[in-house]
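Report on the following structure.
Just so it is clear, none of the values below were taken in a lab; they were calculated from the coordinates. Since the model is a prediction, treat every value here as computed from it, not as a measurement. Because the Cβ atoms are built from the backbone with ideal geometry, glycine has one as well, and the counts that use them run over all protein chains shown.
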Amino acid sequence: MGEKTGMRERAAGLSVMEQVVRLQDAAPRRSALARALGVSPLTEEAEPWFAGATGEREVGAVLSRLPEGWTAFHAVPVGRDESDIDHLVVGPGGVFSVNTKHHRGKKVWVGTKAVMVDGVHQPYIRNSEFEASRIRGLLAERGLHAPVHAVVAVVGAAKFSVAHQPPRVSIVQSSDLLRSIRRRANVVDAPTIAAIVDLFDHPLTWRADAPGVDTVGRFEAIARDVRSATFVRRGWVLAGALALVAVGLALLPH
C-alpha cells in the first residue's frame, strides 16, 4: 500500500473542476454542425463553474511563485456540504485564507463594508471573514498561534476601484496577491509554520473528500474544446466581416 497523498498535492480549483466535469458528463454531446459553428461545449449550468475553476487555477499559478518558506494549499474541503476554501497559504507572515473571484471584464468596487460587481452587492466580506474564522478555530483547537488573514483575490476585472479596504478582509487583484501576502511582517517562527503545514497537509484534518479519477485531465480536455470553439466563432466573425468588405468593394463604381 502506498502512502496517502497529502493535501498540498490537490490542484488549484479541483473542487470546482469536479463540478464542471460532472455537469458536462451529463450533457448531450454537440452535433457536428454545432462544432462546425463553434457553439460552446459548456452547458448554461456549467459556465459559471468553468469560470470559477479558471479563476482558481490562475490564482494557483500566482501562488506557485511564492518563495521558499511558504506553502500553498488549494481546494481545501471544509464543513459538511461541498464548500471549500479556495487557497490556504502558510508562511512567516501568518496564514492566509484566499477566496478567488473571477470577474472577467467587469467593474469591481471595494468599500469599507461592501464589494460591488457591476453595481451589484456581493457577500465577499462576510464569507471571507467566516472562512478565516474556521481556520482560527482549527488552530486554536491544536494550540497553534498565528494570525489568520482573510483575502479576496479578484481575477480579470476590467476596472478595479478601492475606496476603502474593509478592516478585516483584504480585497486585491490577483496580480497584487503575492505583494499583499509578502508585505506582512514576519511574526511566525519556523517550528510553528512546520506544525501548521503538517496540520493542513493531513487529509483527516478536513472533510473526507474523494475526487474523481483524473479530474484535472478531463477538465483540461473540456477547456481545450472551449478554446477551440471560441477560435471557430472568431473565424466565422472574421469571415463575415471580410465578406461584407468584399460586397462593399464590388458595389463601388468602376
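Estimate the FRET efficiency between residue 202 and residue 40 by the formula 1/(1 + (r/R0)^6), using the beta-carbon distance for r and 35 Å for R0, to the nearest 0.05.
Calculated value: 0.30.
State the number of lysine pairs found in the chain whose Cα atoms come within less than 29 Å, restricting to pairs 8 or more positions apart or on distinct chains.
For the chain, qualifying lysine pairs total 5.
Using Cβ contacts closer than 10 Å as the measure, can you line up 68, 131, 220, 141 from fewest to most?
Values: 68 6, 131 24, 220 13, 141 9.
In order of increasing Cβ crowding within 10 Å: 68, 141, 220, 131.
With everything on Cα atoms, drop me the angle between helix 190-201 and the longest principal axis of the chain, reported from 0 to 90° to the nearest 10.
60 degrees
Can you give the % of DSSP beta bridges in the stretch 7-251 that are antiparallel, to the nearest 5?
50 percent
Using Cα atoms only, what is the angle between the long axis of helix 14-25 and the major principal axis of the chain, expressed in degrees (0 to 90) to the nearest 10?
40 degrees
Please turn the phi angles of the stretch 132-138 into ³J(HN,Hα) values with the Karplus equation 6.51 cos²θ - 1.76 cosθ + 1.60 (θ = phi - 60°), one per residue in order, whole Hz, x for glycine and proline.
With coefficients 6.51, -1.76 and 1.60, one gets 5, 5, 4, 5, 4, x, 4 Hz.
Determine ³J(HN,Hα), in whole Hz, for all residues of the stretch 112-117 in sequence, where each value follows from phi through the Karplus function 6.51 cos²θ - 1.76 cosθ + 1.60 and θ = phi - 60°; x replaces Gly and Pro.
4, 10, 8, 10, 10, 10
For the stretch 74-79, take each phi angle, set θ = phi - 60°, evaluate the Karplus expression 6.51 cos²θ - 1.76 cosθ + 1.60, and give the result in whole Hz per residue in order, putting x for glycine and proline.
Working through the residues one at a time gives 10, 6, 7, x, 9, x Hz.
Within the stretch 46-86, whose backbone N sits under 11 Å from a point 7 Å along Cα→Cβ of residue 190?
Counting backbone N atoms under 11 Å from the label point, the list is 69.
Go through 171, 76, 145 and say which Cα lies farthest out towards the positive end of the charge dipole of the chain; charges sit on Cβ, +1 for Lys and Arg, -1 for Asp and Glu.
171
Pairing the Cα long axis of helix 215-251 with the longest principal axis of the chain, what angle in degrees results, from 0 to 90 and rounded to the nearest 10?
In the chain, helix 215-251 runs at an angle near 30 degrees to the longest axis.
Given charges of +1 on the Cβ of Lys and Arg and -1 on the Cβ of Asp and Glu, with all other atoms neutral, how large is the dipole of the stretch 7-251 about its Cα centre, in debye to the nearest 20?
It works out to roughly 800 debye.
Taking the number of other C-beta atoms within 10 Å as the exposure measure, put 115, 172, 120 in order starting with the fewest.
Fewest-to-most Cβ neighbours within 10 Å comes out as 120, 172, 115.
Please list, in order, the residues from the stretch 105-132 whose amide nitrogen is less than 11 Å from a point placed 7 Å along the Cα→Cβ vector of residue 159.
It comes to 106-109, 118-119, nothing else.
How long is the chain along each principal axis, judged by its Cα atoms, biggest number first, in Å?
Its Cα atoms span 84, 52, 32 Å along the three principal axes.
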